[in-house]
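Trainee: First, the structure itself, so that you have it in front of you.
The values are calculated or read from the model by the stated rules, or taken from the named source; none is laboratory data. Given the structure is predicted, the values throughout are model-derived calculations rather than measurements. A quick note on method: Cβ atoms are made from the backbone with ideal geometry, for glycine too, and the neighbour counts reach across all protein chains shown. The area values use the complete protein model at the heavy-atom level, side chains included, leaving out ligands, DNA and RNA. Shrake-Rupley method; radii C 1.70, N 1.55, O 1.52, S 1.80 Å.
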Amino acid sequence: MAAGIVDLDAIASTARSELDAASDEAELEAWRVTHLGRKGTLTSVLRQLGGLEIEERRRVGSEANVLKGELEAAFEAKRDDLKGQKLAATMLEGQIDVTLPARKKRVGRLHPITQTTREIVDIFVSMGFSVAEGPEVETDYYNFEALLLDRDHPARDMQDTLYIDYERDGQYPFMMRTHTSPNQVRFMEEHKPPIRVVVPGKCYRNEATDPTHEWMITQIEVLAVDEGISLADLKGTLFEFAKRMFGQDRRVRFRCDYFPYVEPGVDMAIDCFICGGDGCRTCHQEGWIEIMGAGMVHPEILSNMGYDAERVTGFAAGMGAERIALLRHGIEDIRRFYQNDLRFLEQF
Ligand code: DAH
């Protein structure tokens, strides 16, 4: 083969411009096969060397080797360049805009009734009371009988009861507790005086709901049993509670009321903290707002508990957390608490 056929310059310039044009890995690989591969342009030049004059063979051989080295280096540089471009493109694609406003974490909060219940409980705890709990499914015995509400006692009508559909000997002995008062008995069975305890918890009644009635409510039961406890202790303790809950200048009113498990029984009212007693919407023009039932624990219950009712006396009280929360926040409908409307609940 004649030396003139081996035009290294032409090979070099074609190879360089093709390399420049390669725009991805596949094109780059095709270029490598064409120019540097076993059947590539340069290799075939080197193969042809055998047919050249000795002088020419040396010259072309060394030039071709230099060119091969240059093209290999150019190939590697191009490969790195393409890799860099690809990485940059991927980063651009998956790029995060750090200037976007962050997604807000929604932090929950305690339900307003939980808040109120805790406030009430805390006030009594600060006065030396401890806290206990009892079951929401009660027996007829604890919910009624042990509190001197016999089966045919008319006062049972005050608490329209949700019974559990479970029959035993023709009776339905289980019910959703209608109040927290059964825990007076449960606690006294387990403890000896002196007793100072509050028992918060949910209670259930068969109520047609309206702005002031719900079928599930939260009560807080208060019980103090000791030697020498009198109605003065009841008044003093509950008055102190009312002042801490509704303001230091509150006045309280106690009136006779009937609950079979206390004697005497009272209802306790505070002077309206909105109008100061003149009469307004919150107090239904009464000037007074009833907030709980209370009384001196019936001596018959104390002796049923094995206490010496000649020496030991006690007072008990029960209040509804929803009612207290309604009053404190000026809410007009008790049903709002359990409709799970965040627009309402988020205000507390
Ligand atoms: N258990 C009564 C109710 O749910 C409230 C009550 C009244 C509780 C008098 C008491 C009490 O402890 O002495 O209506």
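Trainee: Could you put ILE289, ILE274 in order of accessible surface area, largest first, with the 1.4 Å probe and the full protein assembly present? Present the calculation step by step, with values, prior to reporting the outcome.
Mentor: Values: ILE289 5, ILE274 100 Å².
Listed by decreasing accessible area, they come as ILE274, ILE289.
Trainee: Considering every pair of different Cα atoms, what Kirkwood radius, in Å, is found for the stretch 1-153? Walk me through the intermediate numbers first.
Mentor: Details: mean 1/r = 0.0415 Å⁻¹.
The answer is 24.1 Å.
Trainee: Please compute the length gained on full extension between LEU87 and LEU49, using 0.36 nm multiplied by the number of residues separating them and subtracting their Cα-Cα distance.
Mentor: 9.4 nm
Trainee: Still on this structure, please answer the following. Need the C-alpha centroid separation for the stretch 82-97 versus the stretch 319-348, integer Å.
Mentor: If you average the Cα positions of each part, the centres end up 55 Å apart.
Trainee: Still on this structure, I have one more. Only Cα pairs under 8 Å and at least 6 apart count here; give the relative contact order of the chain as a rounded whole percent.
Mentor: Values: 514 pairs, mean separation 46.6, N = 348.
13 percent.
Trainee: Would you calculate a helix-derived [θ] at 222 nm for the chain, using -39,500 (n - 2.57) for each DSSP H run of n ≥ 4 and dividing by the full residue count, to the nearest 500? Spell out each step's value before the answer.
Mentor: Details: 11 runs with 137 residues, N = 348.
Result for the chain: -12500 deg cm²/dmol, rounded to the nearest 500.
Trainee: Now for a different question. Please compute the length gained on full extension between SER126 and ALA102, using 0.36 nm multiplied by the number of residues separating them and subtracting their Cα-Cα distance. Intermediate values should be presented prior to the final figure.
Mentor: Values: separation 24, 0.36 × 24 = 8.64 nm, distance 4.24 nm.
Full extension from SER126 to ALA102 adds 4.4 nm.
Trainee: List the Cys residues of the chain that have no partner Cys with a C-beta closer than 4.7 Å.
Mentor: So far as the 4.7 Å Cβ criterion goes, CYS203, CYS256 stand without a partner in the chain.
Trainee: Follow-up. Ignoring ligands, DNA and RNA, what percent of the 1.4 Å accessible area of the chain is carbon and sulfur?
Mentor: On the way: 9960 of 19920 Å².
Roughly 50 percent, rounded to a whole number.
Trainee: For the stretch 105-201, list log₁₀ I(q)/I(0) at each q in 0.17, 0.19 Å⁻¹, using the Debye formula over Cα point scatterers of equal strength and ignoring solvent, two decimals each.
Mentor: At q = 0.17, 0.19 Å⁻¹ the computed log10 ratios are -0.88, -0.99.
Trainee: Report the equivalent ellipsoid semi-axes for the stretch 8-94 in whole Å, largest first, defined as the square roots of five times the eigenvalues of the gyration tensor built from alpha carbon atoms.
Mentor: Values: eigenvalues 213, 23, 16 Å².
Sorted largest first and rounded, they come to 33, 11, 9 Å.
Trainee: Taking only the C-alpha atoms, wrap a convex hull around the chain and report its volume per residue in Å³ as a whole number. Before the final figure, lay out each step's value.
Mentor: Values: hull volume 101.1 nm³, N = 348.
Spread over its residues, the Cα hull of the chain gives 291 Å³ apiece.
Trainee: On a 0 to 90° scale, report how tilted helix 112-126 is relative to the longest principal axis of the chain, with both axes built from alpha carbons and the result rounded to the nearest 10.
Mentor: Tilt relative to the chain: about 60 degrees.
Trainee: How long are the semi-axes of the equivalent ellipsoid of the stretch 192-335, taking √(5λ) for every eigenvalue λ of the Cα gyration tensor, in whole Å from largest down?
Mentor: On the way: eigenvalues 164, 66, 30 Å².
After scaling each eigenvalue by five and taking roots: 29, 18, 12 Å.
Trainee: Can I ask one more? Would you mind classifying the stretch 174-227 by shape? Square roots of the alpha carbon gyration tensor eigenvalues, ordered a ≥ b ≥ c; an a/c under 1.5 is rounded, otherwise it is prolate if a/b is larger than b/c and oblate if not. Numbers along the way, then the final one.
Mentor: Numbers: a/c = 4.28, a/b = 2.37, b/c = 1.80.
Prolate, because a/c is 1.5 or more and a/b exceeds b/c.
Trainee: Between the stretch 160-208 and the stretch 226-267, what's the alpha-carbon centroid distance in Å?
Mentor: 23
Trainee: A further question follows. Label 7 Å along Cα→Cβ of CYS275; the stretch 209-227 residues with amide nitrogen under 19 Å?
Mentor: 212
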